[in-house]
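Peer 1: Here you go, one structure.
The values are calculated or read from the model by the stated rules, or taken from the named source; none is laboratory data. Please read all numbers here as calculations on a predicted model, not as lab measurements. Don't worry about glycine lacking a Cβ; one is built from the backbone with ideal geometry, like all the others, and counts go over all protein chains shown.
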Amino acid sequence: MKKFKKLIIACDGESGSGKSTAAKLISKKYKLLLVNSGLLYRYGSKLIIKHKPKNFISFINTRLKKVSYKMISKQNLHSEKISNHVATLAKNKKIRKLVNNFQKKIIKNNKRICIEGRDIASKILSKNPKYDLAFYFTCNLNIASYRRWIDIKKKVPLKEVKKSLQKRTQMDKKRKNSPLIKVKNAILIRTDKLSKKQVLSKMSKHIDKIN
């Protein structure tokens, strides 16, 4: 395994595609700071659901100024209620700008970083700084739904989980602001065809080829 002074990895993908697990694995192996951009939107959804602010843009802006990514990452943000709300929030252009600025401050202070989300290669790391390597994750909907169902300990019917994942991915791909796309040079990772070990191996081979 090569040692890198600078390594910026972008991980984009559909809901339930396994990108979060893959990003964790690769970050641990190469000792990268891991940033899950989805958690920032989920955090926003949690606050809006709880406090019901009249001006949610101003409210989220104030909250993001007072919190660190570390604090956000320690919260439980994967309830089905938040999952159903976050897709709508993520479409908001002003919210996306707030989240993007939050992420860019983190990126500015870290040369060894892995960011996962839905517009990382196409927007967040498209330039200044640009990613060294981009990965795009997909997974068969039935397999993705089953995995998510197990993750949430079967608290919600499987068909509801499947419906939620399908809806989220469709909204992400069709939204006007920073839609989910696979950039041309992104490496495709099919997590329904590969085990966790094989995903890590495939990603590592591409990373180790970087000069």
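Peer 1: Go through region 58-73 and give me each residue that's surrounded by 14 or more Cβ atoms within 10 Å (Cβ to Cβ) and either under 12 Å from residue 35 (Cβ atoms) or under 21 Å from the mean Cα position of the chain (by Cα) (or both).
Peer 2: Hits for region 58-73 are 60, 61, 63, 64, 67, 69, 72, 73.
Peer 1: Could you please give the count of residues in region 162-178 that are more than 18 Å from residue 135 (Cβ to Cβ) and either part of a loop (DSSP other than H, G, I, E, B) or not basic (Lys, Arg) (or both)?
Peer 2: 8
Peer 1: Please name all residue pairs, on different chains or six or more residues apart, with Cβ atoms under 7 Å, provided the first residue is in region 45-65 and is within 15 Å of residue 83 (Cβ to Cβ) and the second residue is loosely packed, with under 14 Cβ neighbours inside 10 Å.
Peer 2: 49/81
Peer 1: What number of residues in region 188-211 are part of a helix (DSSP H, G or I), farther than 30 Å from residue 97 by Cα and either in contact with a strand residue (DSSP E or B) (Cβ under 8 Å, 6 or more places away or on another chain) or of a type in the set (Val, Ile, Thr) (or both)? First the steps, then the outcome.
Peer 2: Applying the first criterion (part of a helix (DSSP H, G or I)) to region 188-211 yields 196-208.
Then keep just the ones that are farther than 30 Å from residue 97 by Cα; that gives 196-202, 204-206, 208.
With either in contact with a strand residue (DSSP E or B) (Cβ under 8 Å, 6 or more places away or on another chain) or of a type in the set (Val, Ile, Thr) (or both) added as a condition, the list becomes 199, 202, 206.
Within region 188-211, residues that are part of a helix (DSSP H, G or I), farther than 30 Å from residue 97 by Cα and either in contact with a strand residue (DSSP E or B) (Cβ under 8 Å, 6 or more places away or on another chain) or of a type in the set (Val, Ile, Thr) (or both) number 3.
Peer 1: Another question about this same structure. With respect to residue 159, determine if the residue is outside any helix (DSSP H, G or I) and either farther than 19 Å from residue 117 by Cβ or over 20 Å from the mean Cα position of the chain (by Cα) (or both).
Peer 2: no
Peer 1: Can you tell me which residue in region 120-164 is modelled with the lowest pLDDT, limited to those that are under 30 Å from residue 109 (Cβ atoms) and polar (S, T, N, Q)? Don't jump to the end; show me each part of the working.
Peer 2: The initial filter retains those residues of region 120-164 that are under 30 Å from residue 109 (Cβ atoms), namely 120-137.
So of that shortlist, the ones also polar (S, T, N, Q) come out as 122, 126, 128.
Details: 122: 96, 126: 94, 128: 89.
That would be 128.
Peer 1: Also, quick follow-up: Is region 101-122 home to any residue that is of a type in the set (Val, Ile, Thr) and without any contact (Cβ under 8 Å) to a residue 60 or more places away in the chain?
Peer 2: Of all residues in region 101-122, those of a type in the set (Val, Ile, Thr) come to 106-107, 113, 115, 120.
Restricting the remaining residues to those that are without any contact (Cβ under 8 Å) to a residue 60 or more places away in the chain gives none.
Checked region 101-122: no residue is of a type in the set (Val, Ile, Thr) and without any contact (Cβ under 8 Å) to a residue 60 or more places away in the chain.
Peer 1: Assess whether residue 185 counts as being assigned to a loop (DSSP other than H, G, I, E, B), touching a residue at least 24 places away in the same chain (Cβ under 8 Å), closer than 21 Å to residue 30 by Cα and of a type in the set (S, T, N, Q). Lay out the reasoning, then the answer.
Peer 2: Working: assigned to a loop (DSSP other than H, G, I, E, B): yes; touching a residue at least 24 places away in the same chain (Cβ under 8 Å): yes; closer than 21 Å to residue 30 by Cα: no; of a type in the set (S, T, N, Q): yes.
No.
Peer 1: If I filter region 1-29 down to residues being more than 21 Å from residue 104 (Cα to Cα) and of a type in the set (Ser, Thr, Tyr), which single residue comes out as surrounded by the fewest Cβ atoms within 10 Å (Cβ to Cβ)?
Peer 2: The selected residue is 21.
Peer 1: Also, I was wondering about something else. Looking at (1) under 26 Å from residue 193 (Cα atoms); (2) surrounded by 20 or more Cβ atoms within 10 Å (Cβ to Cβ); (3) at pLDDT below 95, which is the one condition that is false for residue 78?
Peer 2: (2)
Peer 1: Residues that are touching a Cys at 6+ places or on another chain (Cβ under 7 Å) and over 19 Å from residue 117 (Cα atoms): find the helices (runs of 4 or more DSSP H) completely inside region 23-80 holding 2 or more of those. Steps first, answer last, please.
Peer 2: Working: elements: 37-51, 56-65, 69-73.
By residue number, no helices (runs of 4 or more DSSP H) qualify.
Peer 1: Hey, can you tell me all the residues within region 118-156 that are part of a helix (DSSP H, G or I) and touching a Phe, Trp or Tyr at 6+ places or on another chain (Cβ under 8 Å)?
Peer 2: Step one: list which residues in region 118-156 are part of a helix (DSSP H, G or I), which gives 120-124, 141-151.
Those that are part of a helix (DSSP H, G or I) and touching a Phe, Trp or Tyr at 6+ places or on another chain (Cβ under 8 Å): 120, 121.
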